[in-house]
Structure formats: structure tokens, C-alpha cells
Amino acid sequence: MAVWIQAQQLQGDALHQMQSLYGQHFPIEVRHYLSQWLEGQLWDVIDLENPQEEFKAKRLLDSLIQELQNKAEHQVGEDGFLLKIKLGHYASQLKSTYDRCPLELVRCIKHILYTEQRLVREASNSSSPVGGMMDSMSQKYQQINQAFEELRLLTQDTENDLRKLQHNQEYFIIQYQESLRIQAQLTSLATLPPADRQLREPTLLSKRATVEAWLTREANTLQKYRLEMIRKHQKSLQLLRKQQTIILDDELIHWKRRQQLAGNGGPPEGGLDILQSWCEKLAETIWQNRQQIRRAEHLRQQLPIPGPIEELLNDLNSTITDIISALVTSTFIIEKQPPQVLKTQTKFVATVRLLVGGKLNVHMNPPQVKATIISEQQAKALLKNENTRNDSSGEILNNNCVMEYHQATGTLSANFRNMSLKRIKRSDRRGAESVTEEKFTILFESQFSVGGNELVFQVKTLSLPVVVIVHGSQDNNATATVLWDNAFAEPGRVPFIVPDKVLWPQLCEALNMKYKAEVQSNRGLSEENLVFLAQKAFSSSSINPDDYRGMTMTWSQFNRESLPGRNFTFWQWFDGVMELTKKHLKPHWNDGAILGFVNKQQAQDMLMSKPNGTFLLRFSDSEIGGITIAWVAENPNKPGERMVWNLMPYTAKDFSIRSLADRISDLNHLLFLYPDRPKDEVFSKYYTPPLSKAVDGYVKPQIKQVVPEFTTTNPDPAANPTYMDHGASPVVSHPPNYGIYPPMSDSMLDADGDFDLDDTMDVARHVEELLRRPMESQWSGQQS
């Protein structure tokens with residue numbers, strides 16, 4: 001729920017606190033009418049302490065004013081007229097107030113939103129699960145921002161200490177020079193007469209003793225200052241490591257995991273703006289501390305004082321270098337992954353980004369990124385730092401790209417727009433492994449320096465696993481490999497190890513995610529659908545979901561071994577259903593018109609209790625990418641007895657000729673969609689409009705479908721339709737041959753009474769032949 005909606009429900013003191021946030025500096029009406037827009041902006045991305053961020057703040061101010069003006073323009077009516085004037089006034093007022101200081105607007109809005117969130121959280125005590133999740137995220141972000149504030153204060157503190165140390169050390173050196181001058185004067189006394197020497201020597205000895213005592217005390221003080229500053233730096237680096245671990249090992253890893261699941265149809269991984277802002281703050285703080293440590297080392301060299309300082313500073317320098325190295329190498333990431341099913345000789349794209357590139361001024365000498373395809377074994381060797389001798393497993397065209405800096409967004413990235421895999425070199429396969437199970441990866445690597453060649457970094461990052469295919473027919477099995485890898489890969493794994501078996505509920509989650517994404521539907525797989533899939537996967541008849549929760553499915557069961565009595569795997573059948581639904585059945589699936597995941601016996605049991613003419617749509621068990629219509633009707637051979645009929649499965653080829661809705665419309669014996677919905681109520685909005693009348697003396701032919709045993713007289717003979725018959729099979733026996741075409745032999749029917757895939761095009765070919773004939777000869781041929 002939006003924060004503003006919850007804020008309006010505050011009571012008592014909390015409500016007064018909320019109201020006090022607003023005034024001329026930011027009117028509450030602006031908060032009300034732009035609530036959704038305000039809560040959707042990335043205010044946290046802007047660093048209020050960095051003047052260079054002002055252009056981002058200015059862009060947000062301009063957007064805010066534009067939103068207000070748009071809101072004002074859309075007001076109508078008497079009340080709308082007054083509101084239009086008021087909103088226009090607020091737009092001018094905000095522009096006048098913040099145009100020269102847009103960062104203050106950001107500060108103001110951040111304060112308002114944070115305070116509202118706190119008041120709402122305190123009022124609700126996080127009672128809502130969704131609210132609790134949002135609060136948890138808000139708290140996490142708040143903790144990260146608080147840690148950055150603590151780091152900023154620590155860094156400022158050590159900066160002040162360093163200046164103080166430098167000042168004291170400079171004064172110490174002056175006094176030391178004074179002691180040397182006194183000593184020189186004492187040495188020169190030896191050339192004076194004894195009387196003069198006795199007169200001047202006591203004074204000089206007293207001065208020397210005083211200065212040396214001061215120098216001894218001050219040297220101890222300087223050493224104490226140095227040790228105290230080192231302790232503060234140690235604390236800063238400890239906090240930096242902790243903060244960097246949270247951002248890189250938690251937040252960035254979670255983003256990469258979301259990116260991987262997005263490859264299976266999961267929700268988008270989200271933008272990188274907040275992550276980049278955090279990484280840039282890390283880089284800035286690390287660099288400031290590193291410069292301070294180097295200045296402290298310079299002061300030590302300028303004035304060596306015996307003690308542990310040299311060793312401690314070396315340790316600090318080594319630690320801060322490790323921290324910045326980890327940051328730079330970890331933030332070289334793939335923003336847009338290459339396709340995970342990669343076809344040779346086909347153009348593909350990818351985008352690589354360095355999250356700290358702008359902050360470290362890497363773009364001042366733009367680095368070049370190279371892309372190479374390597375095998376799973378080569379990826380393992382690379383992560384072990386073994387010498388791979390620049391081996392590759394193929395040749396990628398257009399595989400070099402210079403990183404570009406985008407001033408408006410502050411991003412440094414390389415956009416590979418025209419890569420193409422020219423050839424692939426496969427390794428020896430293991431056991432039953434097929435080419436569509438072999439995994440490769442795209443290696444992106446670059447080299448650049450920061451701080452004026454002070455530090456040189458070699459960075460590398462690996463894409464998600466890719467499966468290389470050379471023909472479209474391999475896409476199905478390659479997708480299975482990618483799906484399994486994306487769903488079940490563990491973070492930090494050795495490339496590209498995945499479990500060989502997983503719990504059925506885990507696989508259900510992956511299948512549901514993929515199905516919803518492919519079909520582009522909010523209607524996913526129900527528990528009944530998943531039980532049907534479990535029955536198919538495990539050759540089981542149990543209808544209890546709990547019976548499958550502890551069962552595991554192996555990769556071989558998923559996409560190596562054929563289903564019992566079939567010549568295809570579980571995945572191949574499921575993928576065929578997805579493809580058919582995506583291309584031809586999406587609206588009907590979204591409407592709930594397709595039960596789909598129902599076997600023949602279940603369909604019979606469901607339909608026998610319904611009136612004649614009731615039908616349902618289910619996916620074919622025997623054919624990949626097939627859907628059939630089952631309906632209940634009288635048994636023509638036994639008057640008074642009813643039976644369930646199953647139409648020969650339709651495939652994508654059939655629907656390319658005539659749509660499902662039109663086919664259902666053609667069959668007058670289909671009356672009610674299970675359980676009791678009139679078919680026209682469900683499908684009429686998808687019917688093809690009637691053909692127009694003759695043009696220039698030509699009559700357009702029309703294809704209609706008939707089931708011979710259920711054919712009714714054509715109500716409009718003038719329409720001259722061309723009929724296309726479709727076989728039906730009863731549950732109890734094969735149908736006799738009827739129709740206006742030559743009889744088809746029973747060999748076309750498979751064991752389930754459905755037509756084989758290879759024969760489904762016979763009907764289409766016959767139709768095409770009819771359409772090529774003149775209409776008169778067509779009818780005369782049929783009548784004869």
C-alpha cells in the first residue's frame with residue numbers, strides 16, 4: 001500500500017506530526033496529488049553532500065514541475081478550475097524556491113518521506129505482512145545510509161586529525177631546527193676566549209635543555225597522535241569492509257540472482273541506480289581514506305620516529321588496496337545478459353557496466369572490453385586462476401567494444417550491439433549428455449587504471465550459462481538446460497554445477513514461473529494443474545498434492561528419458577503446451593476457458609454428469625503441442641446411452657488455418673463450456689466477422705469445420721462454404737467413417753483414439769486443393 005494512503009489514516013499526535021511536515025516550502029496538496037509519482041522516484045540515489053549531484057536534483061525538480069502542470073491541465077469542471085489555478089501556482093512557487101538550490105528540494109522530500117514511513121510504521125507496528133516486508137526493506141536501506149553517514153563522519157574526523165598532525169609536525173620540525181641552531185652555537189663557543197665562553201655557554205645550555213625536553217614530549221605526543229589516527233583508520237576500514245560486504249555480497253548478489261531468475265520468466269531484476277549510488281559512495285570513501293593513509297605515510301617518512309607506525313601504515317595501505325580492488329572487480333557486471341540459448345550465425349547483444357567507473361574517472365581514458373566464448377571447463381580453470389593461455393571455444397564477431405560514459409545517468413558501460421557467434425568448438429561429451437546440455441559462457445574482460453596509473457586493474461566477468469545451437473529444432477532441449485540451471489544454481493557455485501535432482505515443489509515453482517512468462521498471463525498453474533503434471537511425471541494416479549511434496553525429480557526424468565509409452569520427454573510435452581498456448585490460445589487461457597491439464601478419464605468423469613453438448617478443452621496426452629475437445633453426447637449405436645467423444649487434437653498448424661474460437665463456433669453440437677457456460681458467451685468475442693459480399697464478380701470461399709457424425713444442415717447455403725471435416729473418437733470405441741471426403745483408415749488413429757501428428761496436415765492439404773479449384777467444379781466433384 002502507498003505510504004500516503006496509510007499516512008492519511010494516522011490519528012492524534014502522529015497526524016499532527018505528519019501535517020507539520022508541510023507548508024509553503026512544500027504544500028501538502030502537492031504531496032496529495034502527486035503521491036504516486038513522489039514515492040516512485042529514486043531520491044536516495046542523490047548524494048546531498050556532493051555538489052556534482054545537483055544536475056540530477058535539477059532534473060527531478062523539472063520533472064516535478066512538469067507533473068504538476070500536467071495534473072493542472074487535466075482538471076475540468078468548476079472545482080477543477082480552482083484546483084487548476086492552485087496547482088499552477090504551486091508549480092511556479094516550487095520553481096522559484098528551489099531552482100537555484102535543487103538539492104534542498106531533494107533534502108526536503110527525503111525528510112518528508114522518511115518521517116511519514118516512520119510514523120506509519122510506528123502506528124501499524126508492522127502488522128501487515130506486505131507492510132512488514134516494505135518496512136524490512138526500508139530499514140535495510142536506512143541502515144546502509146546510516147553506515148555511510150558514520151563512515152563520512154569518521155573520514156572527516158581522520159581528515160581533521162591528519163591536518164592537526166601535519167600542523168604539529170611542521171612546528172616540531174621548526175623547533176628541531178632551532179635545537180640544531182643552538183647546538184651549532186655551542187660548538188662555535190670553542191673558538192671563543194674562555195671568559196666569553198663562560199658568559200654565553202650557560203644560557204645556550206639552558207635553551208638546549210628546554211628545547212630538547214619539549215622535543216621529547218612533542219615526539220611522544222606526535223607518536224600518540226599517529227597511533228590514535230591509525231586506530232581510527234582501522235575502525236573506518238573495518239566498517240568499510242562490513243558495508244562493502246552488505247552491498248556486494250548481499251545486495252549485488254541478490255540482484256544477480258534476480259537477473260538469473262528473470263531468465264526463467266521471474267520478475268525483472270530491477271534497476272542498478274541505487275546499487276551504483278552505494279558503490280560510488282564506497283569508492284569515494286575508500287579513495288579518501290587511501291589518500292589519507294598515503295599522506296600519513298608521507299608524514300612518517302618526513303619525520304621518522306621509532307615505533308610500530310611504519311608497519312601499521314603498511315598494513316592499512318595493504319588493506320585499503322584490497323578493499324578497493326574487491327570493489328572494482330566486483331562491480332564490473334553484465335547489465336544485459338546475452339541470450340542463454342545462442343544460435344550460431346545469429347546477431348545478439350549484451351551490455352557490460354562498471355558501477356564505479358564514473359566516480360573513479362575511468363572514463364577519462366576509456367577502456368576496451370573484449371568478449372570471448374569459453375567452455376565450462378575453461379570457466380572453472382579461470383576461477384582457479386589457472387593459466388588458460390587465452391583459450392576460447394569459438395569465434396565471436398564484433399567482440400570488442402569501448403566503454404562509454406553517459407553524463408546524464410552517470411553510467412560507464414559497453415554496449416555490444418552486433419555480436420555473432422561464427423563457430424563453436426565443442427568438448428567431448430560425458431555419458432548421455434547431448435549437445436543441448438553442454439554449457440558455455442561469454443567471458444567479458446578489460447583493463448584500466450585509476451589515480452593516474454596509480455592502480456591498474458584487470459577485470460573479468462562471466463555471463464550466465466549459454467547453450468549453443470545450430471538449428472531451431474534444438475531450441476526446445478536447450479531451453480530445458482537453461483531453465484534447470486537458472487532455477488537451481490547455487491550462489492558461488494563452481495561453473496556450472498547444478499543438482500541432478502530437485503524436490504517436486506521446487507520444480508513446480510520454476511515451471512509456473514516459466515509458464516506465466518511465456519504465455520504472458522497472470523493466470524499461472526493451479527494446484528490441480530500441478531497434480532496433473534505430477535501424475536504425468538511420476539506415472540502416478542494419486543490426486544493428493546501432499547503425496548508429491550517429498551518426491552524428487554531427476555534431470556533424466558525431466559528431459560532425457562521419454563514418458564512411458566511416448567516418444568517425448570516430460571519437458572518436451574510441457575514446452576509444447578506453452579508454445580501452443582502462447583501463439584494461439586492465450587486469450588482463452590486468460591479467460592479460464594481452457595482447463596488444459598486434464599487427462600481423458602478425468603474429462604469423461606467430469607462430463608458424464610453434465611447435459612449433452614457440454615464440452616471442455618484439454619491438452620493432448622499423446623501429442624506434443626496438441627489440444628482436444630471432449631464433449632458428452634448420445635451414443636448413436638445405443639439409443640438412450642450417453643458417451644464422451646474426443647476430437648482429434650488440434651495443433652498450431654490447424655490454428656494457422658482456422659482459430660479455436662471459429663472451430664468451436666462451427667460445431668453446433670457444442671453448447672456449453674464446462675461446467676455450464678453458453679459457448680457464445682465465452683467465445684463470441686473471438687469469432688471472425690462474416691465475410692463481405694462478392695467483389696468484382698468473385699465470391700470468397702469460406703472454410704468451416706464439421707464433425708461428420710454431428711453435422712447439421714448449413715443454415716445459409718448461399719454462403720458456399722468449403723467444409724473441413726475433423727475426426728472424433730468416442731471414449732469407448734473408434735468412430736465409423738463419415739463425410740464428404742474419401743474415408744480415412746483407422747491407421748490414422750493412435751492408441752488414444754487421437755490422430756497422429758504426421759496425418760494432421762492431410763486435411764489442410766485437401767482444403768488447399770479445394771480452394772484452388774473453381775467453385776462449380778468443386779461442388780460438382782463432391783456431388784458426384
Check: Taking the stretch 658-673, which residues are assigned to a loop (DSSP other than H, G, I, E, B) and within 17 Å of P587 (Cα to Cα)?
Finding: R658, S659
Checklist line | Which listed residue is surrounded by 15 or more Cβ atoms within 10 Å (Cβ to Cβ) and either aliphatic (A, V, I, L, M) or within 16 Å of T569 (Cβ to Cβ) (or both), from V494, V468 | finding: V468
Margin query: Can you tell me which residue is nearest to the chain's Cα centre (by Cα) among those in the stretch 393-423 that are assigned to a loop (DSSP other than H, G, I, E, B) and at pLDDT 90 or above?
Written below: M403
Check: With E579, E561, E509 as the choices, which residue is at pLDDT 90 or above and surrounded by fewer than 14 Cβ atoms within 10 Å (Cβ to Cβ)?
Finding: E561
Next item on the list: Go through the stretch 18-28 and count every residue that is surrounded by 15 or more Cβ atoms within 10 Å (Cβ to Cβ) and either assigned to a helix (DSSP H, G or I) or out of contact with any Ser or Thr (no Cβ under 7 Å at 6 or more places or on another chain) (or both).
Entry: 4
Item checked: Boolean, S124 is modelled with pLDDT under 85 and touching a Gly at 6+ places or on another chain (Cβ under 9 Å) -> yes
Checklist line | Residue that is touching a residue at least 24 places away in the same chain (Cβ under 8 Å) and loosely packed, with under 11 Cβ neighbours inside 10 Å, where the choices are D654, D666, D676, D696 | finding: D676
Notebook entry, point to check: Out of all the residues in the stretch 104-118, is one or more loosely packed, with under 13 Cβ neighbours inside 10 Å and over 28 Å from G358 (Cα atoms)?
Noted result: no
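Per-residue answers, yes or no, for (1) among the hydroxyl-bearing types (S, T, Y); (2) touching a His at 6+ places or on another chain (Cβ under 8 Å); (3) exposed (fewer than 14 other Cβ atoms within 10 Å of the Cβ):
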site: L252; (1), (2), (3): no, no, no
site: G271; (1), (2), (3): no, no, yes
site: I274; (1), (2), (3): no, no, no
site: S277; (1), (2), (3): yes, no, no
Checklist line | Test result for R152, among the charged types (D, E, K, R), open to solvent by 80 Å² or more (accessible area, probe 1.4 Å) and modelled with pLDDT of 85 or more | finding: yes
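The rows are residues; the columns are (1) under 19 Å from K281 (Cα atoms); (2) among the hydrophobic types (A, V, I, L, M, F, W, C); (3) open to solvent by 80 Å² or more (accessible area, probe 1.4 Å); (4) in a helix (DSSP H, G or I).
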| position | (1), (2), (3), (4) |
| --- | --- |
| K164 | no, no, yes, yes |
| I173 | no, yes, no, yes |
| Q177 | no, no, yes, yes |
| L189 | no, yes, no, yes |
| Q198 | no, no, yes, yes |
| S206 | no, no, no, yes |
| N220 | no, no, yes, yes |
| M229 | no, yes, no, yes |
| K242 | yes, no, yes, yes |
Next item on the list: State the number of residues belonging to the stretch 96-112 that are among the hydrophobic types (A, V, I, L, M, F, W, C) and within 15 Å of M18 (Cβ to Cβ).
Entry: 3
Check: In the stretch 409-465, what count of residues is obtained for those that are exposed (fewer than 15 other Cβ atoms within 10 Å of the Cβ), of a type in the set (S, T, Y) and under 14 Å from L342 (Cα atoms)?
Finding: 0
Checklist line | Condition met for L660 (crowded, with 20+ Cβ neighbours inside 10 Å, touching a residue at least 12 places away in the same chain (Cβ under 8 Å) and either at positive phi or under 36 Å from the mean Cα position of the chain (by Cα) (or both)) | finding: yes
Margin query: Return the residues of the stretch 517-533 that are open to solvent by less than 40 Å² (accessible area, probe 1.4 Å) and outside any helix (DSSP H, G or I); say none if nothing qualifies.
Written below: S521, G524, L525
Note to self: Condition first: open to solvent by less than 50 Å² (accessible area, probe 1.4 Å), at pLDDT 85 or above and closer than 30 Å to E53 by Cα. Can you find one or more residues in the stretch 79-89 that meet it?
What the structure shows: yes
Next item on the list: Taking the options E251, E170, name whichever one is acidic (D, E) and under 30 Å from R493 (Cβ atoms).
Entry: E251
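This table checks each residue for (1) without any contact (Cβ under 8 Å) to a residue 60 or more places away in the chain; (2) surrounded by fewer than 19 Cβ atoms within 10 Å (Cβ to Cβ); (3) touching an Asp or Glu at 6+ places or on another chain (Cβ under 9 Å); (4) of a type in the set (K, R).
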site	(1), (2), (3), (4)
E280	no, no, yes, no
I293	no, no, no, no
A296	no, no, no, no
I305	no, yes, no, no
D315	yes, yes, no, no
I320	no, no, no, no
I324	no, no, no, no
V328	no, no, no, no
Note to self: Conditions first: (1) hydrophobic (A, V, I, L, M, F, W, C); (2) open to solvent by less than 40 Å² (accessible area, probe 1.4 Å); (3) under 30 Å from the mean Cα position of the chain (by Cα); (4) under 17 Å from L483 (Cβ atoms). F568 passes all but one, so which condition is the exception?
What the structure shows: (3)
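Listed here are the residues, each with its yes/no results for (1) of a type outside the set (V, I, T); (2) surrounded by 17 or more Cβ atoms within 10 Å (Cβ to Cβ); (3) within 36 Å of the chain's Cα centre (by Cα); (4) more than 26 Å from N145 (Cβ to Cβ).
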position	(1), (2), (3), (4)
V45	no, yes, yes, no
L48	yes, no, yes, no
D62	yes, no, yes, no
L68	yes, yes, yes, yes
Checklist line | Scan of the stretch 531-557 for residues that are more than 24 Å from N477 (Cβ to Cβ) and of a type in the set (G, A, S), ordered by number | finding: S540, S541, S542, G550
Next item on the list: Tell me which residues, restricted to the stretch 254-269, are open to solvent by 40 Å² or more (accessible area, probe 1.4 Å) and part of a helix (DSSP H, G or I).
Entry: H254, K256, R257, R258, L261
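The values are calculated or read from the model by the stated rules, or taken from the named source; none is laboratory data. Keep in mind that this is a model prediction, so the values were computed, not measured. Reconstructed Cβ throughout: ideal geometry from the backbone, glycine too, with neighbour counts over all protein chains shown. When the accessible area is computed, the model is the full protein with side chains, heavy atoms only, and any ligands, DNA or RNA have been set aside. Shrake-Rupley method; radii C 1.70, N 1.55, O 1.52, S 1.80 Å.
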